[in-house]
1. What shape does region 36-84 have by the C-alpha gyration tensor, where a ≥ b ≥ c are the square roots of the eigenvalues, rounded means a/c under 1.5, and otherwise prolate means a/b greater than b/c and oblate the rest?
2. I want to check the label-to-label distance for residue 36 and residue 21. Put each point 7 Å from Cα in the C-beta direction and report it in nm to one decimal.
3. With each pseudo-label sitting 7 Å past Cα toward Cβ, what's the residue 87-residue 99 distance in nm, one decimal?
4. Please report the equivalent ellipsoid semi-axes of region 1-48, computed as sqrt(5 x eigenvalue) of the Cα gyration tensor, largest first, in whole Å.
5. Full-extension gain between residue 106 and residue 50, please, as 0.36 nm times their residue separation minus the C-alpha to C-alpha distance.
6. If each residue's Cβ is checked for other Cβ atoms within 10 Å, how do 61, 35 rank with the fewest at the top?
Ligand SMILES: [Zn+2]
């Protein structure tokens with residue numbers, strides 16, 4: 001900071017931009033860490049829910065693990081992709097206009113560089129065509 005006094009205007013602007021970029025990066029990292037904590041919490045609750053549901057249907061209705069897995073695969077297939085997810089990640093991701101990385105549509109800007117994200121597509125478009 002004290003070295004700013006001896007800088008040329010160009011070097012000074014460059015240093016200010018660097019500081020701004022680092023501050024933005026620190027903010028993004030902090031937000032992402034908070035987001036991960038929320039997701040971990042949601043995942044644990046979902047895990048508990050799924051285990052409870054499976055215990056109930058296997059205990060009271062005799063559903064086997066194979067029947068459960070077959071039904072999971074059937075539901076997985078409804079978005080057209082067997083990927084172990086309800087919705088394909090391709091539908092959930094947007095592409096950064098600057099660095100071209102895939103970023104979740106939950107974010108307004110790219111989490112890597114702050115760039116604009118591609119125009120959102122209808123996330124339910126593929127589901128509708130499958131019905
Ligand atoms: Zn980017």
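None of the figures in this text is laboratory data; all of them are computed from the coordinates on show. Keep in mind it's a predicted model, so treat the numbers as computed, not measured. A quick note on method: Cβ atoms are made from the backbone with ideal geometry, for glycine too, and the neighbour counts reach across all protein chains shown.
1. Values: a/c = 3.70, a/b = 1.15, b/c = 3.20.
Oblate.
2. Going from the residue 36 label point to the residue 21 one covers 2.3 nm.
3. According to this spin-label approximation, the distance is 2.4 nm.
4. Values: eigenvalues 349, 11, 3 Å².
With the √(5λ) rule applied to region 1-48, the semi-axes are 42, 7, 4 Å.
5. Values: separation 56, 0.36 × 56 = 20.16 nm, distance 2.46 nm.
The residue 106-residue 50 span can extend by a further 17.7 nm.
6. Values: 61 8, 35 14.
Least crowded to most crowded, the residues run 61, 35.
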